[in-house]
Number of protein chains: 2
Amino acid sequence: MKSFDQQTTSPLSSESTQNEFLLSFIKGEKKAIEVAHSVWQQVVQKGDKVLDATCGNGHDTLALIKMVSGGGGGQVYGLDIQKSAIEKTTALLNASFPHADDNKKMKETVELFLLCHSRMEEIVPKGSFVKLVCFNLGYLPGGDKSIITVPERTLEALEAASRIVGSGGLISVLVYVGHIGGKEEYETVLAFASVLPVDSWVCSKFEMVNRPLAPVLVFLFKK
Amino acid sequence: MKSFDQQTTSPLSSESTQNEFLLSFIKGEKKAIEVAHSVWQQVVQKGDKVLDATCGNGHDTLALIKMVSGGGGGQVYGLDIQKSAIEKTTALLNASFPHADDNKKMKETVELFLLCHSRMEEIVPKGSFVKLVCFNLGYLPGGDKSIITVPERTLEALEAASRIVGSGGLISVLVYVGHIGGKEEYETVLAFASVLPVDSWVCSKFEMVNRPLAPVLVFLFKK
């Protein structure tokens with residue numbers, strides 16, 4: 001069993017793996033979420049503060065804990081509006097760090113909040129910035145598909161994210177467009193991103209052209 | 001002065017450089033054409049046949065010569081509908097390989113054709129496939145801006161490209177949308193890509209969201 005600090009070495013950190021991520025996405029061999037993790041891995045440093053705006057099943061939260069841990073001061077804020085998501089995330093994190101010492105360190109690193117992502121500014125200490133805010137927009141995988149993130153709250157959340165991300169930081173949005181309301185939410189994200197000033201934001205998107213229901217990756221990089 | 005074979009080692013081939021290309025694009029530090037070259041570098045092997053559908057000033061043709069050379073059998077077909085583009089490309093290639101031996105090898109590797117890209121099948125030997133067809137759609141940089149690639153011919157060229165690219169090969173399209181007719185051409189490319197069957201093609205696009213006139217990268221990968 002790996003210790004907490006050893007866990008911080010993700011398979012994604014090997015050069016040869018990252019090297020081929022863009023091509024793998026173009027070949028359809030890697031999913032959008034894998035590309036997103038690869039990008040986060042290069043942006044986020046040990047010791048950074050980051051925020052997972054949509055914990056879902058906890059996989060992104062877990063990946064972020066591994067990225068910020070081991071340097072001292074790393075902090076992951078995890079939010080979800082669904083109680084079942086917070087429960088699933090908690091269960092995944094506990095299962096991933098079963099040893100008492102590792103579990104204690106993990107709990108010092110992450111804080112989970114049953115809260116709408118539009119209220120993220122309430123939990124980040126005033127005056128501090130985060131390196132990454134990530135969104136996984138859509139329904140909770142395996143959960144109630146009638147409970148989805150909605151455009152109005154998402155717009156508020158993106159506005160909040162743009163205020164708490166520091167210079168050199170990233171807002172990463174993975175938009176699932178295949179569910180009811182997904183296209184509208186995607187349009188909301190694009191409308192927000194398209195008017196961010198070019199002197200302080202680089203906004204890019206990556207999408208599949210012949211798979212209209214495939215998730216779209218949107219990155220908002222703060223210069 | 002480097003010899004012809006030494007020239008085949010491009011700065012793009014270093015692992016650390018390629019490693020950071022996706023992130024550099026997201027940060028706005030690399031241009032779309034640089035990302036395209038990085039992707040080609042990973043797809044194209046020494047000895048491959050490739051086709052530059054729009055030579056322009058010759059920079060892509062030159063990059064491709066470096067990628068296919070050194071393994072024996074490498075071949076670059078270069079097309080342009082404008083005589084001045086063929087002349088500029090010829091001049092760039094000659095200037096890049098000034099020594100007689102290198103120049104001879106270069107000329108054995110590349111063939112330039114004053115021909116519309118919609119007729120590319122006329123120059124690739126029947127029954128043979130290419131690893132890459134690249135398009136740089138728009139006007140000739142520094143040339144006559146009234147002479148642009150037009151949607152009808154581009155559609156025919158994309159159809160031709162889809163027939164001559166072999167399995168594991170790539171159609172790479174860089175679309176400049178900032179000139180008159182650019183948006184229509186972009187729509188043509190997307191309409192073509194969006195209906196390619198998902199079982200044999202992976203079609204992706206990469207674009208800037210808050211710079212609507214920035215060039216868009218479209219990759220059509222043949223499984």
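Only the coordinates and a few stated rules stand behind these numbers; no lab work does. In this text the structure is predicted, and so the values were computed from the model without any measurement. Glycine also receives a Cβ, built like all others from the backbone with ideal geometry; neighbour counts cover every protein chain displayed.
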*Quick one: angle between helix A:32-43 and the longest Cα principal axis of chain A, in degrees between 0 and 90, rounded to 10, please.*
60 degrees
_Distant-in-sequence amide H partners of A:Val110 (H built 1.01 Å from N, under 5 Å)_ = A:Val76
*Quickly work out the B:Leu155-to-B:Leu213 label distance, labels modelled 7 Å from Cα along the C-beta direction, and quote it in nm with one decimal.*
2.8 nm
_Give me the net charge for the shell around B:Pro197: Cβ to Cβ below 15 angstrom, other residues only, Lys and Arg +1, Asp and Glu -1._
+2
*Given A:Val110, A:Thr89, A:Ala36, which one lies farthest toward the positive end of the charge dipole of the protein assembly as shown, if we put +1 on the Cβ of every Lys and Arg and -1 on the Cβ of every Asp and Glu?*
A:Val110
*Taking only Cα atoms, what is the 0 to 90° angle, nearest 10, from helix B:59-68's long axis to the longest principal axis of chain B?*
60 degrees
*So what J values fall out for region B:171-177 if you push phi through Karplus, 6.51 cos²θ - 1.76 cosθ + 1.60 with θ = phi - 60°, rounded to Hz, Gly and Pro as x?*
9, 10, 10, 9, 10, 8, 9
*Which angle between 0 and 90 degrees, to the nearest 10, do you get for helix A:151-164 versus the longest principal axis of chain A when only C-alpha atoms count?*
60 degrees
*Which distances in nm, rounded to one decimal and ordered from shortest, link the label point of B:Val150 to the equivalent label points in the other identical copies, with labels set 7 Å from Cα toward Cβ?*
5.1
*Using the Karplus curve 6.51 cos²θ - 1.76 cosθ + 1.60 with θ = phi - 60°, work out ³J(HN,Hα) for each residue of region B:92-104 in order, rounded to whole Hz, and write x for Gly and Pro.*
5, 5, 5, 5, 7, 10, x, 6, 4, 4, 5, 4, 5
*Lys and Arg at +1, Asp and Glu at -1: add these up for the other residues within a Cβ distance under 13 Å of B:Gly166 and post the number.*
+4
*May I ask you to work out the translational diffusion coefficient for region A:35-102 at 4 °C, viscosity 1.567 mPa s, via Stokes-Einstein with Rh from the Kirkwood sum over Cα pairs, reported in whole µm²/s?*
105 µm²/s
*Can you list the distances in nanometres, one decimal and ascending, from the B:Gly178 label point to the identical position in each other copy, with the point 7 Å along Cα to Cβ?*
3.7
*Size of the dipole of region A:31-222 about the Cα centre, Lys and Arg at +1 and Asp and Glu at -1 on the beta carbon, nothing else charged, in debye to 20?*
320 debye
*Under the Karplus curve 6.51 cos²θ - 1.76 cosθ + 1.60, θ = phi - 60°, whole-Hz ³J(HN,Hα) for region B:197-214, x wherever Gly or Pro sits*: x, 5, 6, 10, 9, 10, 10, 10, 9, 10, 8, 7, 8, 9, 10, x, 9, 5
*Label-reachable residues, region A:199-223, where backbone N falls under 16 Å from a point 7 Å from B:Lys183's Cα toward its Cβ*: none
*With only Lys, Arg, Asp and Glu charged, each at its Cβ (+1 for the first two, -1 for the last two), find how big the charge dipole of region A:174-223 is about the Cα centre; round to the nearest 20 debye.*
160 debye
*For A:Glu34, place a label point 7 Å out from Cα along the Cα→Cβ vector, do the same in each other copy, and report the separations in nm, one decimal, smallest first.*
2.7
_Net dipole in debye of region B:42-89 [+1 Lys, Arg Cβ; -1 Asp, Glu Cβ; about Cα centre; nearest 20]_ = 100 debye
*Roughly how crowded by other chains is peptide B:205-215, in terms of the mean Cβ count from those chains within 10 Å of each of its Cβ atoms?*
6
